[in-house]
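Engineer: I'd like to ask some things about the structure below.
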Amino acid sequence: MRVNESPMEATLQGLAPPPAARLEAGHSRRSGGSRSAVDSLTLSSEAVLRITSEALEAEFGAKIAAKFDAAGIDLSQGAGLDWSPEATAQRIFDFSAGMFEIWKSQNEDMSEKDQIDTFEETIRGAIGEGYGSAIDTLKAMEVGEEVLSVSEKTMSALASMLDDFFGKLRGGDGPGAVLEVDPVAD
């Protein structure tokens, strides 16, 4: 990068002109009296948007990667994970159920029944909200029914795990309250 060169100029130097670009030949005096065969490069608005988008994505992606690195999160570890509905539900369940001891310690003034009830309400509400947001995002991306079906299977497996967990916390062998999620609601 030259001194006083903007990051955008440096980015643009590394990109080949898109097919929509048009060269305008001309001559002008540059410092030192040298002449340039090409004075300007006129790009279509699509090309400008693509180049700008690529530059921003690279910059934004680098910032996100730095945040994950600072938090000690290695995204490459997710590449070998089992992404089946059951395995995904198990990871969500493990994380959620693992928070119960913290919940209890933060709510020692509540009865055990109230601790369980409020924790269940909080966890099921958060999971339902996250699921709703994920479904909205997937629908906006127009991913298709196959992906939405996998999401529904994941939620069904997770609901069953939560039912068993809360049922056992309450001293029973059966499921607790059923998580109600309408995956096709808009």
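Engineer: What list of ³J(HN,Hα) values in whole Hz, one per residue of region 109-123 in order, does the Karplus curve 6.51 cos²θ - 1.76 cosθ + 1.60 (θ = phi - 60°) give from phi, with Gly and Pro shown as x?
Structural biologist: In residue order, the calculated couplings are 6, 8, 5, 4, 4, 5, 4, 5, 4, 6, 5, 4, 4, 5, 5 Hz.
Engineer: Okay, next question. Which order do Glu120, Glu108 fall in if you start with the one that has the fewest other Cβ atoms within 10 Å?
Structural biologist: Taking fewest neighbouring Cβ atoms as first place, the list is Glu108, Glu120.
Engineer: Which net charge results when you count Lys and Arg as +1 and Asp and Glu as -1 among the other residues whose beta-carbon is under 13 Å from that of Lys153?
Structural biologist: -4
Engineer: Excluding Phe166 itself, calculate the net charge of residues whose Cβ lies under 11 Å from the Cβ of Phe166, where each Lys or Arg counts +1 and each Asp or Glu counts -1.
Structural biologist: Net local charge, Phe166 excluded: -2.
Bear in mind these aren't lab numbers, they're just calculated from the coordinates by the rules spelled out. Please read all numbers here as calculations on a predicted model, not as lab measurements. Cβ sites come from the backbone with ideal geometry, for glycine too, and all protein chains shown count toward neighbours.
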